[in-house]
Amino acid sequence: MRQTRKCLFIMLIMALSLALTIPAFAQGGGPPGPGTQAAPAGTVRGGALMPDDVFTPIAKGYDLISQGNYAAAKGQFETAVKLDKFNPFALNNLAVLDERDGKLNDALAHLKDALMHSDEYKDKVMQTCFVGGGCMAVKPYHGFGANEPVAEKSSVTPVIQDNIKKLEAKIAATKTPPPAVSPPPVTPLPKTK
């Protein structure tokens, strides 16, 4: 009788442990969902490691771009950046939309942010589309199996580097003034008696 209780107790603990670990396995690799700020240094990104909660708005945004719904696409990419602030796919696509809207300095800032950690993202670029100017919108390939197409090197980094070159040339050609680095000085009001 005592061994039966002991066995039941052990089985209960194992079942409870399993119930607590299943959600962790369901999340897959990579950082947790909402609130993710960035991949830790040395984290290899790619394929199954890009969390679905980041991939989904990027894919939706890309599809919206191809349909010409730029405002909704921008919202999707902004959602992805909130989930993973250094995601080069989302930042590149925000840059594409900013460049399209004539916000060249904002576009360049997004591209430079995208380049900071782009080498960590090993997802292959599945599709590209020209939206306007020289920038390309990118969509990562995201399958759902053990044979994820993950590159040895980042395939989005060269796209971002090319977009930076093209955008810098466009900024120079259009003589777009650089963004203000600091607010203008405050001028004190004249004293009155």
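The values are calculated or read from the model by the stated rules, or taken from the named source; none is laboratory data. None of these values were measured; they are calculated from a predicted model. A quick note on method: Cβ atoms are made from the backbone with ideal geometry, for glycine too, and the neighbour counts reach across all protein chains shown.
The table that follows gives values for the structure above.
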{"item": "Checking Phe77 against (1) surrounded by 22 or more Cβ atoms within 10 Å (Cβ to Cβ); (2) within 17 Å of Ser154 (Cβ to Cβ), the condition it does not meet", "result": "(2)"}
{"item": "Residue in the stretch 55-71 that is of a type in the set (A, V, I, L, M), assigned to a helix (DSSP H, G or I), at pLDDT 90 or above and loosely packed, with under 14 Cβ neighbours inside 10 Å present", "result": "yes"}
{"item": "Matching residues in the stretch 105-125 - criterion: being out of contact with any Gly (no Cβ under 9 Å at 6 or more places or on another chain) and of a type outside the set (Gly, Ala, Ser)", "result": "Asn105, Asp106, Leu108, His110, Leu111, Lys112, Asp113, Leu115, Met116, His117, Asp119, Val125"}
{"item": "Residue identified as farther than 20 Å from Pro179 by Cβ and modelled with pLDDT of 80 or more among Lys82, Lys74, Lys103", "result": "Lys82"}
{"item": "Some residue of the stretch 115-122 being in contact with a helix residue (DSSP H, G or I) (Cβ under 9 Å, 6 or more places away or on another chain), modelled with pLDDT under 90, assigned to a helix (DSSP H, G or I) and over 28 Å from Ala172 (Cα atoms)", "result": "yes"}
{"item": "Flag for Gly35 being at pLDDT below 65, of a type in the set (Gly, Ala, Ser) and within 23 Å of Val125 (Cβ to Cβ)", "result": "no"}
